[in-house]
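A short worksheet on the structure shown next.
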Amino acid sequence: MSWAGLAGSEVVASDSPAEGRRFGISVGRVMVGDEAPVETAKRDLAAALAAAPHDLLVVRWPAHQVALAATVAATGRIVLPADVLTYWEVDAQELATADLPQADSLRVDSGDNHQAAGREWVKAVVRSSFEEYGNHYSANPALDRQLALEGYLEWAVSSFEAKPQDALFLLDGSDPIGVATLSQDTGRGDLEVLLAGLVPGAQGRGAYSYLLRAVGVQALQRGLSRVIISTQAHNVRVQRAWVRSGLRPFAAVTTAHAIRPGSQTAQVVLGQRS
């Protein structure tokens, strides 16, 4: 579940077995919804953190709930600030009808139509577009940065294999140059872009706008009214592209790593600090 899929007042704790296998430690997640009253959020977050046995907890809370940072620190875990996510939104109709220059060589197609080749397409695009991307795992010196990239690959490929209809490929002629993976929330009327990227050679020439417009079309075809997407706050370049496509920011989410004292992860982090 992404943070955007939480009910407004929820505090949700979960295991992250895929990340645990990848990094060789026990990993969990704790997420705080956007509408929890601050005292309730502090109480429920403290309880979730106290009950979690994991070496590493990835904790996310609304950035405006600044008091929750102290709640995480009060657990006695080692706390590493990791990133801030910004969430953006746009009316699906507005995105789907964006006026873009004619580009005869570009087209967007559903993963349903490319199930044989799609797995390798996803791997190639994600590997090249996210190779230098700094996500929250990069903040933790105990975690291998290359393994973090492998996590993006695993997530994207498994999403495609489970629901190829929830992947869109941007093609230049017959060459895949971009991909977006999607998740819908019919209760909220949202289509969320979980991951989107272009190969480096396609960046900086407007091709990304065609992929975004196709997401808007896909939302309308599913009877959904809003498209949402998120990225790390430092990823200014893509946020500029979102502005040009009519997206607007609506939320910010703080991420921290809360590390169990005495764990091997803690020893590496403390050694890095000294």
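The values are calculated or read from the model by the stated rules, or taken from the named source; none is laboratory data. Since this is a predicted model, take the numbers as computed values, not measurements. Heads up, the Cβs are rebuilt from the backbone with ideal geometry, glycines too, and the neighbour counts pull from every protein chain shown. Ligands, DNA and RNA are stripped out before the accessible areas are found, and what is left, the full protein with its side chains, is counted by its heavy atoms. Shrake-Rupley method; radii C 1.70, N 1.55, O 1.52, S 1.80 Å.
Every residue, every condition in (1) more than 25 Å from Tyr210 (Cα to Cα); (2) crowded, with 19+ Cβ neighbours inside 10 Å, yes or no:
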residue	(1), (2)
Ala117	no, no
Asp144	yes, no
Trp155	no, no
Leu170	no, yes
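The single condition from (1) open to solvent by 10 Å² or more (accessible area, probe 1.4 Å); (2) in contact with a Pro (Cβ under 9 Å, 6 or more places away or on another chain); (3) more than 20 Å from Trp88 (Cα to Cα) that Gly206 fails is (3). When segment 247-271 is limited to residues that are aliphatic (A, V, I, L, M) and either at pLDDT 95 or above or part of a strand (DSSP E or B) (or both), the one that is surrounded by the fewest Cβ atoms within 10 Å (Cβ to Cβ) turns out to be Ala252.
Within segment 50-75, the set of residues being more than 9 Å from Ile259 (Cα to Cα) and part of a loop (DSSP other than H, G, I, E, B) comprises Ala52, Pro53, Ala63, His64, Gln65, Val66, Ala67, Ala74, Thr75. Of the residues in segment 15-23, none is outside any helix (DSSP H, G or I), open to solvent by 20 Å² or more (accessible area, probe 1.4 Å), in contact (Cβ under 8 Å) with a residue 40 or more places away in the chain and touching a strand residue (DSSP E or B) at 6+ places or on another chain (Cβ under 8 Å). Exactly one residue among Val84, Val125 is buried (at least 17 other Cβ atoms within 10 Å of the Cβ), touching a residue at least 40 places away in the same chain (Cβ under 8 Å), out of contact with any Lys or Arg (no Cβ under 7 Å at 6 or more places or on another chain) and not basic (Lys, Arg), and that residue is Val125.
Scanning segment 9-58 for residues that are in contact with a Lys or Arg (Cβ under 8 Å, 6 or more places away or on another chain) and of a type in the set (Lys, Arg) yields a count of 1. Taking the numbered list (1) of a type outside the set (S, T, N, Q); (2) open to solvent by less than 10 Å² (accessible area, probe 1.4 Å); (3) in contact with a strand residue (DSSP E or B) (Cβ under 6 Å, 6 or more places away or on another chain); (4) in a loop (DSSP other than H, G, I, E, B) in turn, Ala36 passes all entries but (3).
Within segment 238-254, being of a type outside the set (Gly, Ala, Ser) and touching a helix residue (DSSP H, G or I) at 6+ places or on another chain (Cβ under 6 Å) holds for one residue alone: Val253.
Restricting attention to segment 187-203, the residues being open to solvent by 70 Å² or more (accessible area, probe 1.4 Å) and either more than 20 Å from Tyr133 (Cα to Cα) or touching an Asp or Glu at 6+ places or on another chain (Cβ under 8 Å) (or both) number 2. Within the set Gln239, Gln184, Gln232, the sole residue that is open to solvent by less than 20 Å² (accessible area, probe 1.4 Å), under 19 Å from the mean Cα position of the chain (by Cα) and of a type outside the set (A, V, I, L, M, F, W, C) turns out to be Gln232. For segment 40-68, a residue qualifies if it is open to solvent by 50 Å² or more (accessible area, probe 1.4 Å) and small (Gly, Ala, Ser), and the qualifying residues are Ala47, Ala50, Ala51. Residues that are farther than 17 Å from Trp242 by Cβ and in a loop (DSSP other than H, G, I, E, B) were ranked within segment 76-113; the one that is nearest to the chain's Cα centre (by Cα) is Arg77.
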